[in-house]
Each structure stands twice: as structure tokens, then as C-alpha cells.
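Below is one structure; the comments refer to it alone.
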Amino acid sequence: MTDADLAAVAPPLIFAASAVVAGLLSAVRVGARVLGWFGAAASIAAVAAAVVIGPSADGAAAFGGTVARDGASVFFAALVGIVVAGSLVVAAGAPRSARGSGSEVALVLFSASGATLAVAAADLLVLFVGIALLTVPAHALTARPHAHRGDDGAVRHVLLGATSSAVALYGMALLYAATGETAYAGLGRATHNPLYLAGIGLTLAGLVFHLVIAPANRSSMVVNVATVAALLRLVAATRSGEVAVDWEVSFAALAALAVAVAGLAAIAERRMNWLIAYATIAQLGYVAAAAAGSAVPAAAFALSVYAAQAVGLFAVRAMLRHEEPALEDLRGLARQRPLLVLALGILVLGLIGLPPTAGFLARLYAFEVAVRAQLLWLVVLGSLATVASAASYVRILLACFGSPRLDAVAPPRGRISTATALVAALALVVAGIVPGPLLEATGAVRF
Amino acid sequence: MIAADVLVIPLIVAMACALPIGGSARQLAVLAGLLTAATAGAAAWSDIGTASPQSYVWAGPLGAQLAIGVDGFSIALLMLSGVVFAVGAAASGGVRMPRAYFALWSLLQATVAGVLVARDLILFFACWEALLVPLSLLMWHWGGAGRRAAALRLLVYWMTGSALLLIGIVAFGVGARTFSIADLSAYRLAEGSQVILALLFLAAFAVRLPLFPFHVWLSRAYATAPVPLAIVLAGIVSKTAIYAIARICFPLFPRGMVDLTPYLIGLAAVGSLYGAVLATRQRDTRTFIAYASLSQLDLIALGVFVSTADGQQGALIGSLSHGLVVAMLFLLATSLARRIGSFDFGPGGLAPRAPILTSLFGFAILAAIGVPGTSGAPGELLILAATFTRSPAIGLLATLVVVVSAAYGLGLLRAVFFGPSTERGSDVSWRERAVILPLLVLVVAIGVVPRAVGDLADRRIPALTERAR
């Protein structure tokens, strides 16, 4: 292992090492709150490491061309690190009952280690390892609360996750059969043969399936960001010749489906978790629209905006007592927790895509890219879906201003969650008014 | 520099209101309005201001720039905006949560100014859309009964229009590789594309104006918004749509607009008459003002669509007049409601108890229906004259509006103030007079010397019709 190799895997290594430490500490009964702060610090260290080390000078990949160290891997590793830090801070600030145990911190960090590996993967096998390391702990995290109650939710999640991984792996095997290579560099030379197309299709399906089944909880943010980023790299590598059109069509269809379904389904939804899930789907739809126009910077921009919104929304979500909160449970929040509602209001503006939030610019950027790629119909659809989503998400705010239920208990004070939500909302507004730095950073995202 | 000033002044005030520091938020908001009006006024009667637009990089990869600049039309509307916002702030005494209210209020003022000074389509759209946020929040939280349904309805209608506008902007800008309004107006499109894009743009502008038949949100919004917000909504926010049609649709799609104007003129004329007829049937002062406004606004839009020099000038004077008069009407309606307990027309017979209120109301109504000597007259005359030269039939229809508006105006006066005398009611207080008096002076001034603003339009508005031909 050379220095260059080590530099390429520095973020995954930092995450894995801190995960091991967190696991050991939780075994000796160190509190979950302390471990949460430790994990957040480790994530920030990973972000710092990724940014300080930076992309390799000649753009060469490490480990014999299997792990990339370029603008994209640095940016997405940093994004993953920030999201993980945000989610751990929120968890550490949650009330004791909702905080979970210390071993969850270790699982989150393992998941992050897989995420940073997946975003840098330049080889199908590394990608698979990364995705597995990313999703298995995430499914374990999702399954935990169910396991106590003995319902089948845990089993279902693990089985679904395993199925998606199996589908992706099958696709990768077909790709290997078609090209005789697993490195991305070799895949790009493929011809338009059925085996190859089937391989691409199954790999895409497996990865996207991971996104779809990711439940709306904190660990899903990391899964979403990392899977989408890994997918963007795979697309960039294989987008050549006749296959390019297939990719474009696939992404355009995905984007249209995501935006339309999320826009329509959210209208009648009253459960918060589902509203957040639909919002996520719509946001990823904009990323897919940008990817359809093969504009990686626009996709990275939309993904960053999604990350900020997701961290903020889950911080708000952590303040609600119910496991499955409905809109009614938000009533009275405006009077009890005005700062939280201020943050929520800005996040909702971002979800709808209204200025002055960065959500507006992300939407606009994706639309511009789509028009450039002759996908005007996608813009029309996305634009009209915005109206539907406005009607859906404004109800979240409406609910906050309602008078509280008689039997309602005031939400916990949750200073840390409120602060996290405010920071996310502030980031969203600042990036919407002064988008220069973020646009510059995403402009450097190249494969 | 004026373009930057009118943006920065309300933003500073918004921040000062939001931060917990001393001082009265209301006084600050009034000051922001007056400063804006003064800045724009200074620019109007000197030759500073119409210098070439300033441009800064904003979101490079998106092609968006912070390009701002003013011309005669926007300067005139900025003056109006300053006056209307100052009056509205002065009239919002005793609101709940004053700091939040006035912070949103000043943000609204900043976004309106942004719409009027933006010289880049993305910036224009950002301000156009951002305007919705403080506006709907103010209506939502400080409005009257049924405010949430009204706010939601307004939001959905306006956002549908804006969604179409965004499609148009992105399609046009990406095709032309620029979003600068100046560069785009030099870009030559095929006539068919011009018509389609003009329709997409007009969708947003027609809803916000509102042009008949896109006025469904109007009466409920006017009736449930807090009165100061209704003043702003009718007084200046509707004018941003007039401005956008004149300053964006016509220069960008000259040939497309020529194809569309016959239909638009028809809609505007019918809408104007429709609003006037409905106004005669109202029994609530706020919906009365809403339909009277619909009539006036569509008449102003008629002046823009006719697109002769007279029509443009008439539209500019008419916009200023309508903004001032509608503010007066809303203020007087509030005074009236304070005396009789509701916004209904009430039992009538107030004239002997409240002679000053009666005369002020009478004056406002006369100005609204365009009696010579008030600001309503010159704009209306110019628009009618321009319409007659374009199409005598439509001109006749528009003249009918004047007759019907006399009927609704005098009908309101008779129902509210005359008839059997009642014991209730008192006259307007000095505080109320102090807010209305400046408006009255302005209305008379424009009525007596319309050339003061008319010349401004003449001098600064480039002949859009030349380009169209």
C-alpha cells in the first residue's frame, strides 16, 4: 500500500476506525450521548481529512485503479461526513428515550465508512463492498426498534436490502460477463450488446431499489447521498456511445416518475414520516433530472441541497414524541417552539423550491440542464409538480399554527435538535442568496 | 445607484425589525417607505438613475447575474411603492407580534423593489416568486376570518402561473444562452416561438394582475388580508404585473405580442366591464374595492396592450392613480368599519354624523371613477383615446366602464352615507386624517399636473411600439 492508496481511503479508514472505537466504548457502557459527540467529531475529522488531502494531482485512482481520488470523491466524502455528523448530533441531543444505545453510533459510523468507500469506487467489486458496508448497518439500525416489539419489520427490511444487493450483484456479474472487466475504465469500452445492457439495468435497479426501500429515518440520508453519488460515477464511466442514450432515458424516466409520484402522493398524506419520504423522493427526482442531462455539478448541487434539508427535517422530526407522528401532532408547535417552526418554515420553502432558499436554485439548475438536454417535457412536469408539492408541504406549516390538542404534551426542549435544524435552514438560505461557494465546489465535481 | 438603494433600504429595516433591538418597528417601516419614495423621486426629476444597469456575478454556472437598473416606468412605480408601503405601515398600528410583522413587511417591500429593478430574468423570477413568501405569511397569520383558505388559494393560483413562467424563462434563456433582459430583447425568435413563450410569461402576469378570467383568488384575498396588506396587494403588487407585461413581454416577444394583443385587448375590456358590473352588486366595502380594482386594473392593462405611446402613458398615470386611490379607499373603509362595526355597507345615513369622512370618501370615489381634477382622469382619458384609435368597438366598450363605475361609486356613497340619519358613528380622528391627507394631496397633484409624471413616462419609456413593428 502506497501513500497514494492510503490517501484515497483515508475517509473510510477514519470512519471504520472510529466505528471500532465506538463499538468498544459502548461495550464498556460509555453513554450514548458521549459516543454520539465522539462520532460527530470523527465525522468532522473525516471531512477535514478528505478536504485537506484533496484530489490526486494527476487524477489517478489508487489501488490499481479501483478507488478514485478525484474532485467527486472528495466532495461526496465531505458531504457524507457532514450528513453523518448532523445525524449523530441530532441523535445525541434527543431525549433519553429516543436516543438509542451506544452501539447504534458504531453502526452509523460503519455505514459511513461504506458510504465514503462507495462514492470513491471505480471498480464494480469495490462498489459492491462499499454498498454492502453502507446498507447492512443501515438496515440493522432500521430493524432495531422493530426487533424489541417482535414484529416482522426487521426481517422485512433485511430481506429487502439483501434482495436489492443481490440484484445489483447479478447485474455486475452480467457486466463482467459482457466485458471481462470489473474496473469502470474497462466498462466504458463496451458495445451495445444485450448482456451489457441487462447488466447495466440490473445494477441500476439494485442501487435504486436501495434508495426506494430506505425507510425515512436518519440512516437513510447517508444511504441516499452515497448511493446516488456512486451511481453518478458509474454512469459517468459507462455513458458512452449508444449506451449514453439509454442512460439519459432511464434517468429522465426515473426523474419524471419520482417528481410526479411524490408530488401527487404527498397531497393527501398526513403522516410526517411519509411526507418526509415523499419530499426525499422529489428531491432525488431533481438529482435524477440533472443526471439525465449528464450535468454532474448540477446533480451534486441538488444532492447537497437535499442533504441540508434532510438533516434539518430529521432534526425537527427528532423533537416529536410519537413514533409515527401525524400532522395533527405538530399543532401548537409555533407557540411552544417558535425557533423550531422558523427552521421548519425555511426547510419547507426549500422543499417547495421557493427563493431565497437554495432549493430554488437546485430546481432551476436541474431544469436548465434538462432543457439543454432537450428534455423540456421533464421541466414542464417538474414545474407543475412544484405546485402540487407547495399545496402538500404548506400543510406542515399550517399544522404548526393550529391550536394544540387538549391532551398534548409539550415537545421536549431539545436545544441541540433545534440548533441543528436552524443551522441547516440557515445554510439553505445562505446558499440560496450567495450560491457562489457551493456552486464553485460542485463545479469541481468531476469523474 | 438608485436600483441598489431601493433594495437595500427595506432589507436593512427588515433586519433591524427582526433583531431584538430598541426602536419602534412601525416607525422604521414607515421610514423605509418614505426613503424609497424620496430616493426614487430624486432620481425621477434629475438625470441620475437611468444610468446603464449594474451587473454582478451571482450564480455563474446557472447563467444568472445580479443585474439591476431602472427606467422611467420602474422609477414611477418605485415612488408609488414607497408611498404605498409607508401608508400601509402607518396604518398597521397595534398588530400582534409587531417585530415579525414589520420584518416580513419590509421583506415584501424589498422583493417588490427587486421585481421592479431586476434586469436579469432569473433574478426577476427569484424576486417575483420570493414575494409570495412574506405576502402569504402576512395574510396567513394576520388576516381576518377564512384567511388560511384564502392564503392557500392565492398561493396555489400564483404558483401555477409562476410554474409556467419558469418553464418559459428556462426554455428561452437556455436557448438564447443568456438571461439578461437587454440581451434577450435583441435576440430574434421565430414568430411561433414568440407566441408560445409570450403565453407562458403572460400566464404568470395575468394571474397576478389579475386579468379576467384569472381573478378567482382576488375578492377573497382582498377581503381576508389585513387591510395594510390589501393596500399593498392592490396598490403595488398588482402593478408589478403591469410593469412585467410592459417591460418584459413586449420587448422580449414583440411579434408574438402583436399576434396576441387582439385577444388580450378583448379580455381586458370585458374584464374591466365585468369588474365594474360586479362592483355595483357588492354589499361589503372590501369586495367592493376588489371588483372596482379589477375593473381599473384591467383598464390599465388595456392601455398597455394597446401599446401606443398614449396607451403606455395612460397606463403609467393610471397605475400611480389607482395605487394611491385604492390605498385611500381601504383606509377609509377601515375607518368606516371602525365606526359601524363591520365592513358591510351598514345602515346608511352617516353623512350628518361624519361629514369629513363622507367628503373624504366621496373624494376617493370620484378619483376612482376618474372625475377630472383628480388623478383618475388623465390616465383614463389617455387609455380610452388610445383604445379608440386602435378599435372603436372596444373603445366604446371601455367607455361603458366609465358609466358603470359612476353607478357603482355613487351607489356606494348613497348606501353608506345618505338616507335616514343614524345616531351612531363619529367623524375621522386627526390620526386618521394625517395618513389620508398626503394621499389626497398626491391625488390632486397628479390630477392637476399629470404632465409631472406623464413627462417622466414620455422621457424615459422607450417607444416599445417602434420595436414591435
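The values are calculated or read from the model by the stated rules, or taken from the named source; none is laboratory data. None of these values were measured; they are calculated from a predicted model. Neighbour counts are summed over all protein chains in view; Cβ atoms, including those assigned to glycine, are modelled from backbone coordinates with ideal geometry. Ligands, DNA and RNA are excluded from the accessible area calculation, which covers all protein heavy atoms including side chains. Shrake-Rupley method; radii C 1.70, N 1.55, O 1.52, S 1.80 Å.
What's the carbon and sulfur percent of chain B's accessible surface, probe 1.4 angstrom, rounded to a whole number?
So the carbon and sulfur contribution to the accessible surface is 68 percent.
With a point put 7 Å past each Cα toward its Cβ, work out how far B:GLN54 is from A:LEU159 in nm, to one decimal.
Going from the B:GLN54 label point to the A:LEU159 one covers 6.6 nm.
Please state the shape class of the range A:345-444: rounded when a/c is under 1.5, otherwise prolate if a/b exceeds b/c and oblate if not, all from the C-alpha gyration tensor.
Since a/c reaches 1.5 but b/c is at least a/b, the shape of the range A:345-444 is classed as oblate.
So what does the Cα-only Debye profile of the range A:55-100 read at q = 0.16, 0.19, 0.23 Å⁻¹, as log10 I(q)/I(0), no solvent term?
After summing over all Cα pairs, the log10 values are -0.57, -0.65, -0.77.
Size of the dipole of the range B:38-166 about the Cα centre, Lys and Arg at +1 and Asp and Glu at -1 on the beta carbon, nothing else charged, in debye to 20?
So the dipole magnitude of the range B:38-166 works out to roughly 620 debye.
Could you sort the peptides A:420-429, B:295-304, B:226-235 by per-residue average Cβ neighbour count (10 Å cutoff), highest mean leading? Could the numbers behind the result be given before it?
Details: A:420-429: 22.3, B:295-304: 29.9, B:226-235: 26.3.
In descending order of packing, they fall as B:295-304, B:226-235, A:420-429.
Can you compute the FRET efficiency between A:VAL212 and B:ASP259 using 1/(1 + (r/R0)^6), with r the Cβ-Cβ distance and R0 = 60 Å? Round to the nearest 0.05.
So, using R0 = 60 Å, E works out to roughly 0.80.
Just for the Cα atoms in the protein assembly as shown, what are the lengths along the principal axes, largest first, rounded to whole Å?
93, 63, 44
To test your reading of the geometry: what angle, between 0 and 90 degrees and rounded to tens, separates the Cα axis of helix B:376-390 from the longest principal axis of chain B?
In chain B, helix B:376-390 runs at an angle near 50 degrees to the longest axis.
Ignore the peptide's own chain and count Cβ atoms of other chains within 10 Å of each Cβ in B:166-174; give me the average, rounded. Intermediate results must be reported in sequence, preceding the final value.
Values: counts 10, 9, 1, 3, 12, 6, 1, 3, 9.
Mean partner-chain Cβ count within 10 Å for B:166-174: 6.
Can you tell me the orientation of helix B:132-142 relative to chain B, as the angle in degrees between its alpha-carbon axis and the longest Cα principal axis, to the nearest 10?
So the inclination is approximately 20 degrees.
Between A:ALA57 and A:ALA268, what is the label-point separation in nm under the 7 Å Cα-to-beta-carbon projection?
Result for the modelled spin labels: 6.2 nm.
For the range B:1-136, place one equal point scatterer on every Cα, skip the solvent, and apply the Debye formula. What is log10 of I(q)/I(0) at q = 0.10, 0.11, 0.15, 0.20 Å⁻¹?
-0.32, -0.38, -0.69, -1.11
In whole percent, what relative contact order does chain B give with Cα contacts below 8 Å and a gap of six or more residues?
Relative contact order for chain B comes out at 15 percent.
Using the Cα centre as the reference, give the magnitude of the dipole from point charges on the C-beta atoms of the protein assembly as shown (Lys, Arg: +1; Asp, Glu: -1; all else neutral), rounded to the nearest 20 debye. Display every interim value, and only then the final one.
Details: 56 positive and 39 negative charges, 488 e Å.
In total the dipole reaches around 2340 debye.
I'd like the Kirkwood hydrodynamic radius of the range B:2-458, using the inverse of the mean 1/r over distinct C-alpha pairs, in Å.
21.9
Between beta-carbons, use under 13 Å as the cut-off and find the net charge around A:ALA112, counting Lys and Arg +1, Asp and Glu -1.
0
Assuming a ≥ b ≥ c are the square roots of the Cα gyration tensor eigenvalues, decide whether the range B:105-160 counts as rounded (a/c under 1.5), prolate (otherwise, with a/b larger than b/c) or oblate.
Oblate is the answer for the range B:105-160, as a/c is 1.5 or above yet b/c matches or exceeds a/b.
Classify the range A:271-364 from the C-alpha gyration tensor, please: rounded if a/c falls under 1.5, else prolate or oblate depending on whether a/b exceeds b/c.
prolate
Among B:TRP140, A:ALA237, A:LEU175, whose Cα projects farthest towards the positive end of the dipole of the protein assembly as shown, with charges put on the beta-carbon of Lys, Arg (+1) and Asp, Glu (-1)?
Farthest towards the positive pole: B:TRP140.
Just the number please: accessible area per residue for the range B:2-458, 1.4 Å probe, all protein chains included, in Å².
Ligands and nucleic acids excluded, the figure is 33 Å² per residue.
Helix B:285-306 versus the longest principal axis of chain B: what is the Cα-based angle in degrees, 0 to 90, to the nearest 10?
With rounding to tens, the tilt is 30 degrees.
Charges only on Cβ, +1 for Lys and Arg, -1 for Asp and Glu: so what's the dipole of the range B:2-458 about the Cα centre, in debye to the nearest 20?
For this selection, approximately 1200 debye.
Please identify which residues in the range B:287-311 have an amide N closer than 17 Å to a label point set 7 Å out from the Cα of B:SER391, following the Cα→Cβ vector.
Once the point is set 7 Å along Cα→Cβ of B:SER391, B:298-308, B:311 turn out to lie under 17 Å by backbone N, inside the range B:287-311.
Highest mean first, what order results for A:130-136, A:24-30 on Cβ atoms within 10 Å? Write out the running numbers ahead of the final one.
Values: A:130-136: 23.7, A:24-30: 12.7.
By packing density, highest mean first, the sequence is A:130-136, A:24-30.
I want to check the label-to-label distance for B:VAL8 and A:VAL249. Put each point 7 Å from Cα in the C-beta direction and report it in nm to one decimal.
Result for the modelled spin labels: 5.5 nm.
Projected onto the charge dipole of the range A:307-376 (+1 at Lys/Arg Cβ, -1 at Asp/Glu Cβ, origin at the Cα centre), which of A:LEU330, A:VAL371, A:ALA358 gives the Cα projection farthest towards the positive end?
The one lying farthest along the dipole's positive direction is A:ALA358.
Calculated FRET efficiency, B:LEU31 and B:ALA452, Cβ-Cβ r, R0 22 Å, to nearest 0.05?
Working: r = 25 Å, r/R0 = 1.12.
Computed FRET efficiency for B:LEU31 and B:ALA452: 0.35.
Picking from B:TYR101, B:SER375, B:LEU62, whose Cα lies most toward the positive end of the charge dipole for the range B:2-458 (charges on Cβ: Lys, Arg +1; Asp, Glu -1)?
Going by the charge dipole, the pick is B:TYR101.
List the residues of the range B:243-279 whose backbone N lies under 16 Å from a point placed 7 Å from the Cα of B:ARG188 along the Cα-to-Cβ direction.
B:252-256
Suppose we flag chymotrypsin sites (Phe, Trp or Tyr not before Pro) only when DSSP calls them loop and at most 16 other Cβ atoms lie within 10 Å. Which is the longest uninterrupted stretch of chain B?
Longest run free of exposed loop sites: B:188-417.
Please give the FRET efficiency for A:ALA185 paired with B:TRP45, using the beta carbon to beta carbon distance and R0 = 60 Å, rounded to the nearest 0.05.
Here the calculated transfer efficiency is 0.30.
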